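**Q** Okay, here's the structure, questions in a sec.
The values are calculated or read from the model by the stated rules, or taken from the named source; none is laboratory data. Worth saying up front: this structure is predicted, and the values here are computed from it rather than measured. Cβ placement follows ideal geometry from the backbone for every residue including glycine, while neighbour counts extend to all protein chains displayed.
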Amino acid sequence: MTGVLQHDKVVCDAQFSPDGRWVVTASWDRTARVWDATTGQPLSDPLSHENMVQSAQFTLDGKQVLTTAIGNPARVWDIASPAPAPAWLAVLAEAISGETLDAQSLLQPTHLDRADALKRVREKLQQEPDDQGWTQWGRWLLSDPGTRTISPFSTLTVSDNHPN
């Protein structure tokens, strides 16, 4: 089984997520990875660094991973939920891109009223529970870039991070 909990070099750290569903690993191959704890299949692209990754751990809420690599500053990564994508996500993608997939999986111009579609997605997101990862991400994406937080799961805004 290629790709199952596998790195190209030594794994020097591993940790379960707070809910026990995921495992994050740190490796001398200059990457960290998030895996499904049951199947061992990767849930993220490699979290690449310039040097060997020494440690990787989940935040208490399991929505971010902190990694450290030799000679580099620590990094915080938002971890997307592997939960099934909600129906509104396809509408949002079509509204933003102006394209849709046809029956042959080829991109075609959309006939969707983009402004109306974005309005409907925003309304749907306001009805969703606050603790859903996809909901938090969608609300963040559609919020004002000048006032939103630096990532969907952060409480820091750009101005908090870079005061004048």
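**Q** Step by step: first the residues of region 32-51, then only those that are of a type in the set (Gly, Ala, Ser) and without any contact (Cβ under 8 Å) to a residue 24 or more places away in the chain, then the one that is nearest to residue 71 (Cα to Cα). Which residue is that?
**A** Step one: list which residues in region 32-51 are of a type in the set (Gly, Ala, Ser), which gives 32, 37, 40, 44, 48.
Checking which are without any contact (Cβ under 8 Å) to a residue 24 or more places away in the chain leaves us with 37, 48.
Numbers: 37: 30, 48: 14 Å.
Once the filter is applied, the top-ranked residue is 48.
**Q** Residue 108 fails exactly one of the following numbered conditions: (1) over 21 Å from residue 32 (Cα atoms); (2) surrounded by 13 or more Cβ atoms within 10 Å (Cβ to Cβ). What is the number of that condition?
**A** Condition not satisfied by residue 108: (2).
**Q** Let me ask something else about it. Return only the number of the condition from (1) in the same structural domain as residue 110 (by TED's automatic domain parsing); (2) farther than 30 Å from residue 108 by Cβ that residue 65 does not satisfy.
**A** Answer for residue 65: the failing condition is (1).
**Q** Let me ask something else about it. May I ask you to verify whether residue 29 is without any contact (Cβ under 8 Å) to a residue 40 or more places away in the chain and of a type in the set (D, E, K, R)? Can you show your working first?
**A** Numbers: without any contact (Cβ under 8 Å) to a residue 40 or more places away in the chain: yes; of a type in the set (D, E, K, R): yes.
For residue 29, the condition - without any contact (Cβ under 8 Å) to a residue 40 or more places away in the chain and of a type in the set (D, E, K, R) - is met.
**Q** Here's a follow-up. Only one residue in 141, 156, 92, 107 is within 21 Å of residue 63 (Cβ to Cβ), in contact with a strand residue (DSSP E or B) (Cβ under 7 Å, 6 or more places away or on another chain) and without any contact (Cβ under 8 Å) to a residue 60 or more places away in the chain, so which one is that?
**A** Details: 141 fails: in contact with a strand residue (DSSP E or B) (Cβ under 7 Å, 6 or more places away or on another chain); 92 fails: in contact with a strand residue (DSSP E or B) (Cβ under 7 Å, 6 or more places away or on another chain); 107 fails: within 21 Å of residue 63 (Cβ to Cβ).
156 is the lone residue from the list that is within 21 Å of residue 63 (Cβ to Cβ), in contact with a strand residue (DSSP E or B) (Cβ under 7 Å, 6 or more places away or on another chain) and without any contact (Cβ under 8 Å) to a residue 60 or more places away in the chain.
**Q** Considering only region 7-20, I want to know if a residue exists there that is within 16 Å of the chain's Cα centre (by Cα) and either in the same structural domain as residue 128 (by TED's automatic domain parsing) or free of Cβ contacts under 8 Å to residues at least 40 places away in the same chain (or both). Talk me through it step by step, then tell me what you get.
**A** We begin by selecting, within region 7-20, every residue within 16 Å of the chain's Cα centre (by Cα); these are 17.
If we keep only those that are either in the same structural domain as residue 128 (by TED's automatic domain parsing) or free of Cβ contacts under 8 Å to residues at least 40 places away in the same chain (or both) too, we end up with none.
Scanning region 7-20, I find no residue that is within 16 Å of the chain's Cα centre (by Cα) and either in the same structural domain as residue 128 (by TED's automatic domain parsing) or free of Cβ contacts under 8 Å to residues at least 40 places away in the same chain (or both), so the answer is no.
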